[in-house]
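Report on the following structure.
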Amino acid sequence: MSSATSTTSLPHGLAVLTTFPDVLFIPEIIFGGLVWILVASSKVPLPILQGWVMFVSVFCFVMSTTLLCLYICGVHGGSSSWVTLDVICQETAALFYLSAAVLEAYFTYEAGLSTNPLVTTIYRENIAAVVFAFIATLMYVIHKVFSLLRWKSS
């Protein structure tokens with residue numbers, strides 16, 4: 001069991017990779033990267049809709065990678081303002097990913113109704129993108145909840 005002081009401050013160094021919820025950065029980066037790759041590799045019949053999904057996946061990928069690197073380097077110095085920043089980033093990412101996952105699911109549903117063979121290929125890639133987008137959303141929501149608990153106790 002971890003002590004009360006370890007839950008109120010952000011870890012630094014390689015401890016980031018062993019503490020919860022900070023260890024969730026790894027699956028967030030992996031699943032977000034998979035969404036990014038799958039949407040980027042598919043043909044884009046609705047650029048506005050899938051443009052938002054691309055923006056969210058790239059933005060959250062860069063944000064999570066940057067935060068992970070900053071935490072590992074210990075840039076936060078134990079400051080409580082970084083706990084607040086963590087909450088804001090995780091909440092923003094969770095909301096963005098939820099909207100992107102729902103839009104991608106809607107697009108995939110619409111593509112599934114088509115009989116065009118090109119759209120069928122897009123449909124298969126986007127099913128995977130939808131699954132990974134919802135998994136990434138779940139990771140960000142879990143991270144957000146535990147970041148809120150950490151923020152409340154700090």
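Figures for the structure shown
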{"item": "Region 92-154, Rg to Rh (Cα coordinates; Rh as Kirkwood inverse mean 1/r)", "result": "1.21"}
{"item": "Per-pair calculated FRET efficiency, R0 = 35 Å: SER99 and SER153 via Cβ, rounded to 0.05", "result": "0.75"}
{"item": "CD proxy at 222 nm, helix term only [per DSSP H run n ≥ 4: -39500 (n - 2.57); per residue of the chain; nearest 500]", "result": "-27000 deg cm²/dmol"}
{"item": "Diffusion constant of the chain at 4 °C, which comes from Stokes-Einstein with the Kirkwood Cα-pair radius and 1.567 mPa s, µm²/s", "result": "80"}
{"item": "Å² of accessible area per residue within the chain, as computed with a 1.4 Å probe and no ligands counted", "result": "52"}
{"item": "Estimated FRET transfer efficiency when R0 is 22 angstrom, pair ILE48-ARG124 (beta carbons, to 0.05)", "result": "0.50"}
{"item": "Nearest-20 debye value, the chain charge dipole, Cβ charges on Lys, Arg, Asp, Glu", "result": "80"}
{"item": "Percent of C-alpha pairs per 10 Å bin, region 47-94, short to long", "result": "25, 45, 21, 8, 1"}
{"item": "Protein accessible area in the chain, 1.4 Å probe - carbon and sulfur %", "result": "75"}
{"item": "Förster-model FRET efficiency, 30 Å R0, PHE55 and SER114, C-beta, rounded to 0.05", "result": "0.75"}
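The values are calculated or read from the model by the stated rules, or taken from the named source; none is laboratory data. Given the structure is predicted, the values throughout are model-derived calculations rather than measurements. Counting neighbours? That spans all protein chains shown, and the Cβs are built from the backbone with ideal geometry, glycine included. All accessible areas refer to the heavy atoms of the entire protein, side chains included, with ligands and DNA or RNA removed. Shrake-Rupley method; radii C 1.70, N 1.55, O 1.52, S 1.80 Å.
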